[in-house]
Amino acid sequence: MTDISLQDYCKTLHISTVYSVYEEKYAENLEVTNFLKEALSSEFHSRKINRQMKALKQAGFPTVKRFEDLNLDALPDDGRRSIPDLQSLEFLKERKNLILIGNSGTGKTHCAIATGVHACLNEYKVVFRTAAMLINELYEAKKQSRLSVVIKKMKVADLLIIDELGYISFDLEGAELLFQLLAARYETQSTLVTSNLMFSEWVRIFHDKTLNAALLDRITHRALILNMSGTSFRRRED
């Protein structure tokens with residue numbers, strides 16, 4: 001673990017005056033130095049845990065899933081090989097998108113949530129929604145003349161997770177609202193999508209070929225795409 005100096009603790013905790021007084025009167029007092037460092041270390045880690053818990057709560061995960069809970073041997077090859085990449089969060093740092101495509105029950109949602117939880121614990125801002133929940137939220141926001149507010153809130157999230165795209169289709173208005181949101185995030189933040197449909201089938205969700213092509217262009221640009229097709233976990237357990 002990196003040893004953080006007393007000065008750095010005070011700076012991070014925004015109590016620089018405390019360090020000034022310490023430096024002026026107590027810098028040579030080892031007992032005071034050790035006491036302050038222990039106290040400020042506890043405060044630093046307490047605040048960090050509070051931020052992590054707040055981030056997890058605000059993300060909207062249906063349940064908390066972690067990478068260590070995955071059965072790696074049961075994951076499709078692409079998913080298993082990519083776990084270190086997901087854990088590194090490099091795609092977030094590079095503002096790349098992440099798309100997990102494959103049939104139902106192959107670990108897409110678990111990987112998506114685990115990535116989001118890991119991002120929260122590393123103090124990234126995450127928003128999780130199923131595609132159906134997200135479209136309904138955008139519909140309601142538009143009805144209440146709050147669409148710009150909701151899009152602005154989601155635009156600044158470091159990671160937007162859209163789960164189960166393709167399980168439920170929506171009308172052209174819904175497709176246009178989703179496009180508006182993704183266009184606002186284009187090349188500025190990362191979006192993670194899980195879908196049971198190949199890209200060639202996405203027109204079944206969005207109906208309009210031009211809109212579908214434009215949306216695909218934005219979501220796949222500089223994206224990490226994982227083939228998650230394989231035997232369903234649930235079928236293996238039957």
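The values are calculated or read from the model by the stated rules, or taken from the named source; none is laboratory data. Keep in mind it's a predicted model, so treat the numbers as computed, not measured. Cβ atoms come from the backbone with ideal geometry, glycine included; neighbour counts cover every protein chain shown. SASA here: full protein model, heavy atoms, side chains in, ligands and nucleic acids out. Shrake-Rupley method; radii C 1.70, N 1.55, O 1.52, S 1.80 Å.
Numbers at a glance
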| quantity | calculated |
| --- | --- |
| Distance histogram for segment 107-238 (every C-alpha pair counted, 10 angstrom bins, percent rounded to whole numbers) | 11, 43, 35, 10, 1 |
| Accessible-area composition of segment 110-223, carbon plus sulfur, in percent [1.4 Å probe] | 52 percent |
| Å² per residue, accessible surface of segment 1-109 at 1.4 Å | 65 Å² |
| Stretchable slack from MET133 to VAL64, in nm (0.36 nm times residue separation minus alpha-carbon distance) | 23.0 nm |
| Estimated vicinal HN-Hα couplings, Hz - segment 115-129 in sequence order (Karplus 6.51, -1.76, 1.60; Gly, Pro = x) | 5, x, 4, 4, 5, 4, 5, 9, 6, 8, 8, 10, 10, 10, 8 |
| Proximal lysines to LYS152, defined as alpha-carbon separation beneath 16 angstrom and excluding residues fewer than eight positions away on the same chain | LYS125, LYS142 |
| Qualifying GluC sites (Glu not before Pro) for segment 1-97 [loop in DSSP, other Cβ within 10 Å: at most 15] | GLU28, GLU94 |
| Additional length obtainable on full extension of the chain from GLN7 to GLU140, 0.36 nm per residue less Cα span | 43.0 nm |
| Estimated vicinal HN-Hα couplings, Hz - segment 150-158 in sequence order (Karplus 6.51, -1.76, 1.60; Gly, Pro = x) | 5, 5, 4, 5, 6, 5, 8, 5, 5 |
| Gain on full stretching of the segment that runs from LYS48 to THR188 - 0.36 nm per residue minus C-alpha separation | 47.9 nm |
| Carbon + sulfur, % of accessible area of segment 10-107 - ligands and nucleic acids excluded, 1.4 Å | 48 percent |
